[in-house]
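Read-outs throughout are calculated quantities, based only on the coordinates presented, and are distinct from any laboratory measurement. Given the structure is predicted, the values throughout are model-derived calculations rather than measurements. Positions of Cβ are backbone-derived with ideal geometry, glycine not excepted, and every protein chain shown enters the neighbour counts.
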Amino acid sequence: MISCLFVTVLLHGLAFAAIPACAQRGVPHIEEQSLEGGHYTIAVHTSGIKDSPEPQAIVNFVERRVREINTAGGVLGRRLKVRYFDDDNDDANTRGNVRDTLADPRLIATIGIWSSSRGAKVIDDIGRSGVPFISEMSVESLFRLYPNVYTLAQSVREEVDVFLALAKKNGVRRIAYAGFIDDLFTNAYLAHLVDAPDGPGVVSTFWETEATQIAEYDRAIDAFVNSGSEMIVLALGSEIGARFLKRMHERRVTLPVFVSYGSISKVIQSKEWGGAYAGNLYELSSGGVANLNNERIKELARDLGVRTEPGEDGGRVYTPRDLGYGARYADLVQLIVDGAAGRLDPAARPGQAITGLDVSLKAVRNRIAGGLASLREGRRYWEGKAQYWSFNENRATSERSMLLWSTPTQSTPVLHPTQFIRIDGKITEVPVLYLHLDMVRMFEVDTNRRTFDAEFYLTLRSKADLPLQAIDFTNAFRTNGFTEPIRERLVATFEDDMADGLGRRRIYHVTGRFQFKPDLAKYPFDRQLLTISFQPVDKGSIFILQPPAESLRNKGFDVEDWKFLHHYVGTTDRIITSVRGHDLGEHVIPFYNFNYTWIMKREVVDYLVRVIVPLGFILVVAYLAAYIPRREFNATIAIQVTALLSAIALYFALNQPNSDDVTLSDKIFVSAYAIVSLMISLSIFEIHEAGDGENIERGRRLTTLRKAQLFVVPFLTCAFIGWLIASAATDRSIADGIAETVRWMALAISDYTGK
């Protein structure tokens, strides 16, 4: 039976390993068949899956999320099936993909299409179909007439508003513009710039075509310089943009450049990049903050088994940008499922079981569309595992984009000192706090008290000149008898960055006690997240955090009884629900919490010496007692019972952590009890079958029991040791794996039988 169990787990692991590395055009999800009554389909459209990691991450995350959904019962009792399409950045492929998508008679929603120009070729077909469509098109005018169409991207108008705020802040009055001649996004962006009543004047333009030569770059650069441009808006994409910037660098032109189409990171990574640009680069990015992880996405990746840190096997590790793409699409699949199940209805209560819903395709689509329409910015949101979701009046995501910049001395773009965030429909200036935490030591890590003490140096720098008093350490340990959880003193103040507009640099020495939430399921082979969390102390000191590079932060230090593994800085977006107006309507306020997190692994040498070694000897002694002749039954049973009592006494003699859940240590002892008890039972059954205490001969039935004690017990002990090693080495328990295997096999049977 044990062998069968291992075979089952192995087959389950192989099934999980068979997740496709990429999606072929129109190839459906592996789980094609239905639960009761057929299936529903969601179409996911990507671009460049052969070469780009973002669409590969999307497939990986969505596959795993769909498996969870189907394991939990699917959509309205039916199997969810996902079809993947990739247009390879080709208009004809996009049209063909959408034609195939809309021909699916079980389609309930569509996600993707990354280009406004390609989307313009198919938007009328999708809009008239009535199928809910969450796109990534920025030109909001394309789908204004179609209420079933939304976008993950910020609208062009909102992006231009941020650029205008930056230009006004920097006193820029004259700009030049470079873009693709036939691209909808670049043309719409320029139109918004020209129409802005108080914006800078566009004094020179350049249009890229397929036949553009270097000489035309030279003429454009000359025109930009001679026209008195103070900033260039570059809408040429990452590859061609890198080529244009390389030529500007060769011409020794250092005008600041705002990359409106493409990203600074991809420009720097491009083969066309010349290696340097002597001017400042800016971009508006929705891909997160450099060196700052999204805590919700990291937790989601851990739950789905997606690797975020390098491993010894050299397997694929996704970057934070890749993880962001994958997690967002996985969220959107769940959002569509919740809409289909009626859980987005404002009248539905959280956790309410909704029954009696119309399962027809038209009704399901209408519920999804109605649910999306209810998610209005500032009024209502849907809490996904990656982020909170809502849409503004243009049906574009209300997700905040950050203004990044890169100076000639920077290798990675970071947050600009001033962010321009839309709050309640208005652009608001929010300072960036450049913060570096230099950990000196951690001590008194107590999983029972759920606290740890830390000593560190904190460097603060911001254009708003924020002091330490502007920060609230949200997980500081506070009780009636412990009223001073944080002690701090100002060590030094420097003004060497004042010329760059970054404010004073203050260095504080801080000591304090902080709370954490231990996860003891794997104790004593557990890993714990020790976190120092903070947020703005009030509205007057609101800020966004920018940490330094990991190479500067990831410094080792000693912690008694623990081993330092890894460190990261993360942010967690939160939602505060309030009311406003005479009718007390719901008002949703986004809020951010920042975390410095250290991943620590418990040292197990002490546990091995005090527990594993004694338990091993106890099991060996109990097993050897089976070789004592049966006529000495009293000696055999005395030794084995003593072994059992010794194991029980050892458990109560240990200083076990307080936990509401069963720990791995508890399972080790219970397994040892079971093995010794089995030995005792076999010894008793053997003497009972003899019927005559003086008879030392053993019949065939006694030989069977004897073999069980001499051979089966060692096998079970080895299986126990293997289980122990596997449980300590994996993030998921063996029981979870077996339970999921059973669910997976049940789904496979339902696929085969159609029941």
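A few remarks follow.
- Dipole of segment 81-235 [Lys/Arg +1, Asp/Glu -1 at C-beta], most positive-end residue of S155, Q213, Y177: S155
- Listed residue (T355, F420, S390) projecting farthest to the positive dipole end of segment 313-448, Cβ model: T355
- R0 of 25 Å, Cβ-Cβ distance V605-A521: FRET efficiency to nearest 0.05: 0.75
- Protection-proxy order for peptides 324-332, 467-475, each taking the mean of Cβ atoms within 10 Å per residue, highest first: 324-332, 467-475
- Distance in nm between pseudo-label sites at L145 and L650 (7 Å out along the Cβ direction from Cα): 7.8 nm
- Fully extending the segment from I507 to S286 would add 76.5 nm, taking 0.36 nm per residue of separation and subtracting the current Cα-Cα distance.
- Our estimate of slack between S659 and R302, defined as 0.36 nm per intervening residue step minus the Cα-Cα distance, is 126.3 nm.
- Computed FRET value (nearest 0.05) for A72 with K362, which takes r as the C-beta separation and R₀ as 41 Å: 0.95
- Most to least packed among 108-115, 607-614 [average Cβ atoms within 10 Å]: 108-115, 607-614
- Global form of segment 156-285, assessed from the alpha-carbon gyration tensor, a/c cut-off 1.5: rounded
- Full-stretch length increase - A215, R706 - with 0.36 nm per residue and alpha-carbon distance subtracted: 167.5 nm
- Its Cα centre serving as origin, segment 351-472 has a Cβ charge dipole (Lys and Arg +1, Asp and Glu -1) of approximately 760 debye.
- Take 254-263, 46-55, 221-230 and order them by the average number of nearby Cβ atoms within 10 Å per residue, most first; the result is 254-263, 46-55, 221-230.
- This ranking places V253, V156, V66 by how few other beta-carbon atoms lie within 10 Å of each, fewest first, which gives V253, V66, V156.
- A223-E560 pseudo-label distance in nm [points 7 Å out on the Cα-to-Cβ vector]: 7.2 nm
- Under the simplified labelling scheme, the C718-R379 pair shows an inter-label distance of 6.7 nm, with each label point 7 Å from Cα along Cα→Cβ.
- Sum of side-chain charges, D195 neighbourhood, beta-carbon under 15 Å (Lys, Arg +1; Asp, Glu -1): -4
- Above-threshold pairs, the threshold being 23 Å between Cα atoms, out of K169/K426; K385/K555; K168/K246: K385/K555; K168/K246
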